[in-house]
Amino acid sequence: MTVISSTKDFVVRTATYKGGVGHASWILHRLGGIGIAVFLILHIIDIFMIVLGKEMFDFFLFIYHQPIFRPAIWGLMFGIFYHAVNGVRIIIHDFFPSTFRYQREMVLGAWVIIGILVVLTVGMDIFNWITYAGSH
Amino acid sequence: MKKRTLKIKRFNPTKDKKPYWQEFVVEAEDTDRILDALNHIKWYVDGSLTMRRSCAHGICGSDAMCINGKNLLACKALFKEVGDDVTIEPLAGLPVIRDLVVDMEPFMEHYRTVLPYFISETPPPSYGERLQSIEERKIFDDTTKCILCAACTTSCPSFWARGEYIGPSAIVQAHRFIFDSRDDGAAARLDILGNADGVWRCRTIYNCTNACPRGIEVTKAVGEVKKEILFSTL
């Protein structure tokens, strides 16, 4: 049946429908939102570890500072920037409906801004990591 | 004439447990429509293929279907636009009756909800007609073009996720009357569209505008209704 009756159907339809940049932008916005939510949950758990003692808290911080977590931090940066910049674009569309005629240009513009922000922050993070690696 | 492969999602509830794909090879020109190929299959290859079509000229809206992953009218989509190999599915989010025919009732139910007819609390003037300036008419001109094909509503992920969402088509129909200077039913319609399954489920994805075979700026119309609800309640 074509009626969307399950999460699987919804995910398949979302992934296969050729809706253009608006559709892609919405998917990335949702993925960014999920990433931020996962980070917040992990962050709350991480802070809560102080209840179990300083050693446990420091142990978790030590784990989070391992190189394997860097791509996750970059993903978080992407999620935050995407959610913020794309959110502003949607607010502009909603308050000024005539801007929908420039939806494609505005999505592409938002992607350029997000790309610059992500490259800058990831670049700074890698630079700091290399420069101060010995001091951690 | 070139050979084209049409991969069609088939489903007959009386004998199939689940949908399956069937391929047909037809010869067609670049300028032939997808509907021409479907008609050829139905008339000369497999009469059991079931789909809706009526005017075949983009006016009645009965042959909306998902063609190569995008909602289109089969009578307006040419092979040179969609490619040689074509995948055809019924519209998403509505129950399939058979093959490419979906049950439009849930869609029509949403349409009826927004009171899609002229409401006036004043009698017509003595000279007969309720006159309107060109500027007043221009405000809702775009949304008068809707043919209720359901291409927009069934391209909307918010509708896929929640069938109770009123959908872009019903909002377009409401827009046509809300911004009509002669109509007095705007408050009732805005009240309906302001509820949990009304315009606020729109996530500004824009699939509806891309899918509309009439070129209606659907997302813009939805945005204008959102703004009207917001500012009418302030």
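No value in this document is a laboratory result; all are computed from the given coordinates. Quantities reported herein were computed from a predicted structural model and do not represent experimental measurements. Note that each Cβ is placed from the backbone with ideal geometry, even for glycine, and that neighbours are counted across all protein chains shown.
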Next item on the list: Among B:I97, B:I178, B:I34, determine the one that fluctuates most according to a GNM of chain B built with springs between C-alpha atoms less than 10 Å apart.
Entry: B:I97
Notebook entry, point to check: How large are Rg and Dmax for segment B:49-162 when only the alpha carbon atoms are used, in Å?
Noted result: 18.2, 60
Note to self: Using a 10 angstrom Cβ neighbour count of at most 11 plus a DSSP loop assignment to flag exposed chymotrypsin sites (Phe, Trp or Tyr not before Pro), which longest range of chain B is free of such sites?
What the structure shows: B:1-116
Margin query: Cut-off is 10 Å between beta-carbons; in what order do B:V45, B:V102, B:V26 appear when sorted fewest neighbours first?
Written below: B:V45, B:V26, B:V102
Margin query: Can you tell me which of A:G22, A:G33, A:G53 moves the most in a GNM of chain A? Springs connect C-alpha atoms under 10 Å apart.
Written below: A:G53
Notebook entry, point to check: Relative to the Cα centre, what is the charge dipole magnitude of the protein assembly as shown, using +1 at the beta carbon of each Lys and Arg, -1 at the beta carbon of each Asp and Glu, and rounding to the nearest 20 debye?
Noted result: 620 debye
Checklist line | Alpha-carbon gyration tensor eigenvalues x 5, square-rooted, for chain A, Å | finding: 35, 21, 14
Notebook entry, point to check: Hey, got the dipole for chain B? About the Cα centre, +1 on K and R Cβ, -1 on D and E Cβ, debye to the nearest 20?
Noted result: 580 debye
Margin query: Report, in listed order, any pair from A:K8/B:K76; B:K9/B:K80; A:K18/B:K17 with a Cα-Cα distance greater than 25 Å.
Written below: A:K8/B:K76; A:K18/B:K17
Notebook entry, point to check: Measuring from the lowest to the highest alpha carbon on each principal axis, how far does segment B:114-163 reach, largest first, in angstroms?
Noted result: 49, 22, 15
Notebook entry, point to check: Between A:A84 and B:K15, what FRET efficiency follows from the Cβ-Cβ distance if R0 is 45 Å, with the result rounded to 0.05?
Noted result: 0.30
Note to self: Over chain A, with a Gaussian network built from C-alpha contacts below 10 Å, which listed residue (A:A110, A:A15, A:A37) shows the highest mean-square fluctuation?
What the structure shows: A:A15
Note to self: Tell me the relative contact order for chain A as a rounded percent, counting alpha carbon contacts under 8 Å between residues six or more apart.
What the structure shows: 29 percent
Check: Just checking chain B: which Cys have no other cysteine's beta-carbon under 4.7 Å?
Finding: B:C66, B:C75, B:C146, B:C149, B:C156, B:C202, B:C212
Check: Dividing the Cα convex hull volume of chain B by residue count, how many Å³ per residue is that?
Finding: 146 Å³
Next item on the list: For segment A:70-134, state what percent of all Cα-Cα pairs lands in each successive 5 Å bin, counting from 0 Å until the bin that includes the largest distance.
Entry: 4, 18, 21, 18, 13, 10, 7, 5, 3, 2, 0
